[in-house]
1. Please say if segment 233-392 is rounded, prolate or oblate, where rounded means a/c under 1.5 for a ≥ b ≥ c the square roots of the C-alpha gyration tensor eigenvalues, and otherwise the choice is prolate for a/b larger than b/c and oblate otherwise?
2. Label 7 Å along Cα→Cβ of residue 311; segment 319-338 residues with amide nitrogen under 19 Å?
3. Given a 1.4 Å probe and heavy atoms of the protein chains only, how would you sort 149, 264, largest accessible area at the top?
4. As a test of reading the structure, rank 38, 374 by solvent-accessible area (1.4 Å probe, protein chains only), most first.
5. What is the extension gain from residue 255 to residue 240, computed as 0.36 nm multiplied by their sequence separation minus the C-alpha to C-alpha distance, in nm to one decimal?
6. Once you sort the root eigenvalues of the Cα gyration tensor of segment 67-153 as a ≥ b ≥ c, which label holds: rounded (a/c under 1.5), prolate (a/b larger than b/c) or oblate (the other case)?
7. Using +1 at the C-beta of Lys and Arg and -1 at the C-beta of Asp and Glu, which of 273, 186, 223 has the Cα lying farthest in the positive direction of the dipole of segment 172-315?
8. Rounded if a/c is under 1.5, else prolate if a/b is larger than b/c, else oblate: which is segment 134-179, with a ≥ b ≥ c the root eigenvalues of its Cα gyration tensor?
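The values are calculated or read from the model by the stated rules, or taken from the named source; none is laboratory data. From a predicted model like this one, the values you see are computed outputs, not experimental measurements. Using ideal geometry, Cβ is built from the backbone for each residue, glycine included, and neighbour counts are taken over all protein chains shown. Just so you know, the surface numbers come from the protein's heavy atoms only, side chains and all, with ligands and any DNA or RNA stripped out. Shrake-Rupley method; radii C 1.70, N 1.55, O 1.52, S 1.80 Å.
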Amino acid sequence: MSAPVPVRESTGAVGRSLARAVQRVTASPLGAYQSAVVRIGVSATYLLFLLRELPHRHELYGPEGPWSWDMAHRLIANNGSFTVLMWSDSTIWFEAVYAITLVSAALLMTGWRTRATSVLFMAGVLSLQNRSIFMGDGGDNVIHLMAVYLVLTRCARVWSLDARRLSRSAVCRAQAGPPARDVAGPVLWALLGCVLLPATLIGGFGGTWWMPSLLWVLWLGNGAWWVLSRYAPGHELRALFDVLANLAHNAALLVIMAEVCLVYATAGWYKIQGSRWQDGTAIYYPLKLDYFAPWPGLSGLLASSALAVMVLTYATVIVQVAFPFTLFNRRVKNVLLVLMIGEHAGIALLLGLPFFSMAMIAADAVFLPTVFLVWLGERVWHVRQRLFSRAAGRLRLPGQRRAVPDVEEAPRGGGGSGHTLVG
């Protein structure tokens, strides 16, 4: 019989484990690559959607739509939703909001001043979607939620212009050179403050209390962060801000993961209750609808195979119900993740819902393994280097030597803790 473990020793082991867990959660933001992929995927999805609907924007969200401004105003007065499009029914105001949303999506995708552009992106997404709530294909709900969560994440630590800028600043500090002066950050921070103050005074945030509270906390905290980082980088309050940012990031990442699991779990269990999913014919009917058949020949070929329809129907239910339970087994989780991404790619191809599929794949990316993402980033970087070298070789005159760059190339992985204002 083994000797019992002393109470003090077991309590000490638990305490050390708890201390390591707290240290891991507060010391650094987890899932840097996963959050970067979610940022790129979500913003790229909405950017492409806005570009595709650019000729039809007035009918979808503007003054020429069937859901008129007065009807939207009455609905929002009851549910208290947030949309800046209710501030004015002017066409010029609508065009400005649409353009700012489109530009903020592009800037967020590239990772430029993500603390500011993520807020603008969230405001634009909520404004357009709450203006016409009947527009969308299901993927808009995912974009809606992810736009809010991304505001709280530090999603630009890798694969972003912010990471490149911070890496170059670190190189300058290591070489004892003067730090680059940050002009864009304070100017952008001041402009956002000039918009935030009158919007709060006139009650332009609908009936929500969390929206103005979140925006003011972000605006004031970002300004204090910049002051401490520039003039007192070693102060304890600066370290506290870093810990709070890490906690917010990790909590938001956990919520994103839980949200994805909830979406699949509820979708799978609701499918089980449907008779068409039980007898294996649910996928057959969408394939026969002309509205959801961009490739009628391909849809008809798949629908003609009863075995393929039955396998796809049951496989969809099994994968969606089982996925939340496979998170404790990495290999099984990765297999199901590949199947779900393939399922959404099939939906985009067969049913003509590309933006719904892109939104779901972007949300699924939070579960991608870091090793795969690092490998993927290396491959993309090498391809980019080859393309740039070939382009530079074609542009050089015969006998002209290649110029040596004056600025050291930023690390491929990016990184940095974000010491610039709204950066």
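1. Working: a/c = 2.67, a/b = 1.55, b/c = 1.73.
Oblate, because a/c is 1.5 or more while a/b does not exceed b/c.
2. Under cut-off, by backbone N: 319-320, 335-338.
3. On the way: 149 40, 264 5 Å².
In descending accessible area the options line up as 149, 264.
4. Details: 38 0, 374 55 Å².
Largest to smallest exposure gives the sequence 374, 38.
5. Values: separation 15, 0.36 × 15 = 5.40 nm, distance 2.25 nm.
Result: 3.1 nm gained on full extension.
6. Since a/c reaches 1.5 and a/b is larger than b/c, the shape of segment 67-153 is classed as prolate.
7. Among 273, 186, 223, the one farthest towards the positive end of the dipole of segment 172-315 is 186.
8. Numbers: a/c = 5.66, a/b = 4.46, b/c = 1.27.
Cα axes put segment 134-179 in the prolate bin.
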